[in-house]
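A short write-up of the structure that comes next.
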Amino acid sequence: MTPSNNKTHETATKRPAVLANLVAQHKGRITLLSFLSFAGALLEALFIVMVTSIAMALVGGTTTVGPVFGRSLGVPIALIFAASALAVRLIFSLSGVRVSADLVGEVTTNQRNELAHAYLRTSWAVQQSEPAGRLQELLTSFVGRVTNSISTLANSLTAGLSLIAFLSTGLLMHPAATAAVLLALAGVGAILTPLRRRIRKRSAANAQANLSFANAISEFGSLGLEMQTFGAESAFEKRIDRLTADATATQRQTQILQNSLPYVYMSLAYAAVLAGISLLWQVGPDDLGAVGAVMILMVRSLSYGQQMATSSAALAANAPFLGNVRETVDRYLSTPSATGAARPESLLPIEAANVGFSYSDRLALTKVTFRLAPGESLGIIGPSGAGKSTLAQLLLGIRHPSFGSLTANGIPISEIDRTWWSERVSFVAQDPLLFTGTVAENIRFFRSGIENDDLVEAARRANILADIEALPHGFDTHLGERGNQLSGGQRQRLSIARALATNPEFLVLDEPTSALDGRSESLIRTTLAELRGTMSIVIIAHRMSTLDICDRIMVIEHGEMTGLGPPKSLRSRNKFYQQALSVAGITQ
Ligand SMILES: Nc1ncnc2c1ncn2[C@@H]1O[C@H](COP(=O)(O)OP(=O)(O)OP(=O)(O)O)[C@@H](O)[C@H]1O
């Protein structure tokens, strides 16, 4: 067996356990539902027996009904019994509907929370490697399948217990006939097992196709601008048509199998009843009344049996989706974003000794050694793919070195309390994302303890205050989805205000100006010049002018640190730096 086969098999065997776990988590409600279903079905069976017996009595011209379960009753009493059974049955059924709805609501909430919380708590390495759109798809349609499974399970439980109640009543009425039907039903269930297995297999392919579709849709959504400017609409249409066709084909195949199962079951079950009647005809019925009641009970049992067949097909189709949600939660939980407990006196100096990092088997950074002093500004330059952003992520503590040591004030960054760390370290990304909300909310970014004065001060330092004051409602202006009312330069300065709002000790900027116009860059340079010396700063930049304020420059090439020193001395000895200055037209 190949490794991937092994994994598939492992996943497939885990799936019933996923449902069993869900049942265990909600056993209170499920037990109540079981009681309501079973008691309700017994009452319905009693009603059928009473009505059949009353009908037999009337046909026989007598006013005595029965004996029913060993007792004879007058017609009026039997009618009252039947009506009471019907009324209580209705109350039980309606209560069951409520319990079932509560159960479904609880499962949806729990599953969504569990998945979303696990994602938020997982490491950056895992979050960053998730395909686009996967989480949304899991949280919406996949959790929908989990919910559907639990409500299907509740229906199936109701049907199963009703079936047991009916068969038990039947056994009391006429053991031989009921036992024959019971055997026939078990046989039909066994015959349908391979069909259920095929449904599960097809549905696994369907789940995969849905995830690929969600991934592609999410990418299309973010590539709108490129699609329009490059006139790639028809190519995108073709791609999306193909993906839609793939997803629809697997869905169609699952649906055909899933919807066929109840009909196949029904035909087989009726065939079994037919065989039972033939047998009765051969043997000759002994008690006509009892056989009549049993026949009605069995026909009703068949409809419960069909309900169970429908449910089992739906459960088989949902199983891969359940498995996917569970595997994803487990995967997220297995690599939580690490936090330590250390809270040093201060964050600085930051020291890297022979730091290296590998993505799986790919070495991205090696032998990086430096010391960042309090208030020092360090610029990092290097060709594309050299490992600069990787170093930034190590410095931010969201990835940890594969080898070497990276410490803050002598303590490995991985051992430092993340909450303490986040209050002192800030970050500005190349293309920062704003979210739908006000300007103030975007600067605060869900952090507590940032007062209105802090917002104004951060905006002033980021050179965005005048732009904010010119907005219709200032800091309370609502930005459109993802802040699309602002220009690229404004978004970048707003994100610098976000980074400065907590007055950090250490600020990392990853190419903050590379996508900006000259005026926006100049405003950010002014900000950086004002920040110089007030905090430790690491700036990764392609634009040499952005690095004006740096005390030292580090050069990284092909994952290795090839130079480190004050700009003047580095200029005399580092080729890459010399070339970069010359390309930027800086000759002095
Ligand atoms: N998540 C990842 N998984 C695997 N490899 C990665 C990942 N991120 C980056 N790499 C690889 O690691 C190397 C360093 O990438 P990094 O982004 O740090 O370079 P960079 O110097 O910041 O590049 P640029 O200037 O283009 O942003 C590259 O070869 C890149 O392909």
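Computed values, structure above
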quantity	calculated
Verdict on residue 129 being within 16 Å of the ligand (Cβ to nearest atom) and assigned by TED's automatic domain parsing to the domain that holds residue 170	yes
Meets criteria (assigned to a loop (DSSP other than H, G, I, E, B) and open to solvent by less than 10 Å² (accessible area, probe 1.4 Å)) for residue 386	yes
Filter pass, residue 355 being in contact with a Gly (Cβ under 6 Å, 6 or more places away or on another chain) and either closer than 19 Å to residue 412 by Cβ or in a loop (DSSP other than H, G, I, E, B) (or both)	yes
Failed item, numbered, when residue 78 is tested on (1) open to solvent by 60 Å² or more (accessible area, probe 1.4 Å); (2) in a helix (DSSP H, G or I); (3) more than 29 Å from residue 25 (Cβ to Cβ); (4) not acidic (Asp, Glu)	(1)
Condition check for residue 210: closer than 26 Å to residue 328 by Cα and assigned to a helix (DSSP H, G or I)	yes
Candidate set: the stretch 432-446, residues that are surrounded by fewer than 13 Cβ atoms within 10 Å (Cβ to Cβ) and either touching a strand residue (DSSP E or B) at 6+ places or on another chain (Cβ under 7 Å) or touching a residue at least 40 places away in the same chain (Cβ under 8 Å) (or both); chosen: the one nearest to residue 537 (Cα to Cα)	433
Tally, over the stretch 540-559, of residues that are assigned to a loop (DSSP other than H, G, I, E, B) and open to solvent by less than 10 Å² (accessible area, probe 1.4 Å)	3
Search result, residues across the stretch 568-577 that are away from the ligand (no atom under 15 Å from the Cβ) and open to solvent by 40 Å² or more (accessible area, probe 1.4 Å)	568, 569, 571, 572, 573, 575
Evaluation of residue 380 against (1) touching a Phe, Trp or Tyr at 6+ places or on another chain (Cβ under 8 Å); (2) crowded, with 17+ Cβ neighbours inside 10 Å; (3) assigned by TED's automatic domain parsing to the domain that holds residue 558 (one fails), failing number	(1)
Of the criteria (1) open to solvent by less than 10 Å² (accessible area, probe 1.4 Å); (2) within 15 Å of the ligand (Cβ to nearest atom); (3) part of a helix (DSSP H, G or I), which one residue 580 fails	(1)
Count of residues meeting criterion [in contact with a strand residue (DSSP E or B) (Cβ under 6 Å, 6 or more places away or on another chain) and either without any contact (Cβ under 8 Å) to a residue 12 or more places away in the chain or loosely packed, with under 15 Cβ neighbours inside 10 Å (or both)] in the stretch 337-350	0
Enumeration of residues in the stretch 118-143 that are free of Cβ contacts under 8 Å to residues at least 12 places away in the same chain and of a type outside the set (D, E, K, R)	120, 127, 128, 129, 140
Test result for residue 563, assigned by TED's automatic domain parsing to the domain that holds residue 442 and modelled with pLDDT under 90	no
Helices (runs of 4 or more DSSP H) within the stretch 426-507 that include 2 or more residues more than 29 Å from residue 391 (Cα to Cα)	439-444, 452-461, 465-469
Condition check for residue 11: modelled with pLDDT under 85, loosely packed, with under 13 Cβ neighbours inside 10 Å and over 24 Å from residue 302 (Cβ atoms)	no
Output for the stretch 447-473, where each listed residue is surrounded by fewer than 20 Cβ atoms within 10 Å (Cβ to Cβ) and within 30 Å of residue 340 (Cα to Cα)	447, 448, 449, 450, 451, 454
Failed item, numbered, when residue 392 is tested on (1) within 24 Å of residue 490 (Cα to Cα); (2) within 16 Å of the ligand (Cβ to nearest atom); (3) open to solvent by 60 Å² or more (accessible area, probe 1.4 Å); (4) at pLDDT 90 or above	(3)
Subset tally (residues that are open to solvent by 50 Å² or more (accessible area, probe 1.4 Å) and assigned to a helix (DSSP H, G or I)) for the stretch 519-539	6
Residue check for residue 404: in contact with a Gly (Cβ under 6 Å, 6 or more places away or on another chain), away from the ligand (no atom under 12 Å from the Cβ) and open to solvent by 10 Å² or more (accessible area, probe 1.4 Å)	yes
Residues of the stretch 351-385 that turn out to be within 9 Å of the ligand (Cβ to nearest atom), under 18 Å from residue 125 (Cβ atoms) and in contact with a strand residue (DSSP E or B) (Cβ under 6 Å, 6 or more places away or on another chain), as a count	3
Failed condition for residue 118, given (1) open to solvent by 40 Å² or more (accessible area, probe 1.4 Å); (2) away from the ligand (no atom under 16 Å from the Cβ); (3) not polar (S, T, N, Q)	(1)
Residue in the stretch 452-464 that is among the small types (Gly, Ala, Ser), more than 16 Å from the ligand (Cβ to nearest atom) and at positive phi present	no
The one condition in (1) more than 30 Å from residue 478 (Cα to Cα); (2) within 14 Å of the ligand (Cβ to nearest atom); (3) open to solvent by 10 Å² or more (accessible area, probe 1.4 Å) that residue 429 fails to fulfil	(1)
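Table: residues versus (1) β-branched (Val, Ile, Thr); (2) more than 14 Å from residue 499 (Cα to Cα).
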{"residue": "428", "(1), (2)": "yes, no"}
{"residue": "434", "(1), (2)": "no, no"}
{"residue": "437", "(1), (2)": "no, yes"}
{"residue": "443", "(1), (2)": "yes, no"}
{"residue": "446", "(1), (2)": "no, no"}
{"residue": "455", "(1), (2)": "no, no"}
{"residue": "459", "(1), (2)": "no, no"}
{"residue": "467", "(1), (2)": "no, yes"}
{"residue": "471", "(1), (2)": "no, yes"}
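The values are calculated or read from the model by the stated rules, or taken from the named source; none is laboratory data. Model, not experiment: these values are computed from the prediction. As a convention, Cβ positions derive from the backbone with ideal geometry for all residues, glycine included, and neighbour counts pool all protein chains shown. In case anyone asks, the SASA skips ligands and DNA or RNA and just uses the protein heavy atoms, side chains included. Shrake-Rupley method; radii C 1.70, N 1.55, O 1.52, S 1.80 Å.
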